[in-house]
Amino acid sequence: MSEARKLLIEAERIDSYRAKCKASILNELARSQCKYAPFFVSPEEAQRLRGLIYRIELLNGADIVILHSSADNGFPHTRPKAIICLPDSAVTDAKEENLSDLLRHEAMHIHQRKFPELWRDKCKAEGWTPVPTNEIPLEFRRRCRINPDTCYDTPFWAWATHHVPLPMFKNAESLTLSDVNIEWLDRRTGAIFHEPPKSFTEKYGSPSQPEHPYEIYAVKYAAAGISSHSALYNKLMTSD
Ligand SMILES: [Zn+2]
C-alpha cells in the first residue's frame, strides 16, 4: 500500500471526515463527482513544492498527500495529525505566490490541530464563543458543508455571542462543494440572516472565508506572510 494511502487511512481513523460526509445526504451529493484518492504531480512540480514547503518553518514535520484534482472539488485541506491534502490541480502550474499563500494557509490549520487550546483562547479573545453542535437546529445543520479543517473540534462558533455563521448548501438539484452561502443564525430567535452582523463587517471587512474563525485567521495570517512559530505565536497572543 502506498504511503499516501496509509496516511489517509490513519487520518480517517482519527477524524472520520469521509464517513461524516457519507452520512450526510447533501455532503455526499456535493461530492458525487469527486474522486478522493491519492494522485501525483510531475517530478518537477514535486521538487518545486518541496522547495516552497522548506521555506515555511510551520510545516516542519508535516506530511503532504497529493490527491486527484477533483478531490473535495479541488479544495486543499488538512487531515490529522499533520497532513496537507493538495489536489494536483492546486499545485500543477500554480503561480509560486499563490502556492506559497496556500501552503501558509494550510500551515495555520495544522497549527490549529496541534495547539487547539491556543486557538480557542485566541478566538474567544477576539469575540467568538464556541457553540455546542446540538444547539444548531437540525434542519440547518443538515444543510451545512462539512469542512475537514473545522469539523473535528468545534464546528460552530458565534460572533458577538449571538451570530453563528453557517456554510449552508444552496437549494439546487445538482450540488457541488462551491454551492454554499454563508448564512447567519441568530441564537436568540433561530432566525437566519443572509448578511453578516454590522459589528462583524466592522472588524473583519468581507473575508473570503467567513464560515469559521479558524478560516478567517488562516486567511488573514497567510496573507500577512506568517510562516514561523514565533511570528504566529505573537499573533495569537496579541489582539488584532
Ligand atoms: Zn482553510
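The values are calculated or read from the model by the stated rules, or taken from the named source; none is laboratory data. This is a predicted model, so every value here is computed, not measured. In this analysis, Cβ positions are derived from the backbone assuming ideal geometry, glycine residues included, and neighbour counts consider all displayed protein chains.
Tabulated data for the structure shown
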read-out: Region 4-34, subset over 19 Å from the mean Cα position of the chain (by Cα) and not in a helix (DSSP H, G or I), residue surrounded by the fewest Cβ atoms within 10 Å (Cβ to Cβ); value: S32
read-out: Single unsatisfied condition, D101 versus (1) away from the ligand (no atom under 15 Å from the Cβ); (2) more than 23 Å from D153 (Cα to Cα); value: (1)
read-out: Elements of type strands (runs of 3 or more DSSP E) in region 155-240, at least 2 residues being in the same structural domain as S32 (by TED's automatic domain parsing) and within 14 Å of the ligand (Cβ to nearest atom); value: none
read-out: Only one of I66, I110, I84 that is hydrophobic (A, V, I, L, M, F, W, C), surrounded by 20 or more Cβ atoms within 10 Å (Cβ to Cβ), more than 16 Å from the ligand (Cβ to nearest atom) and on the phi < 0 side of the Ramachandran plot; value: I66
read-out: Qualifying positions in region 182-240 - out of contact with any helix residue (DSSP H, G or I) (no Cβ under 9 Å at 6 or more places or on another chain) and at pLDDT below 95; value: T238
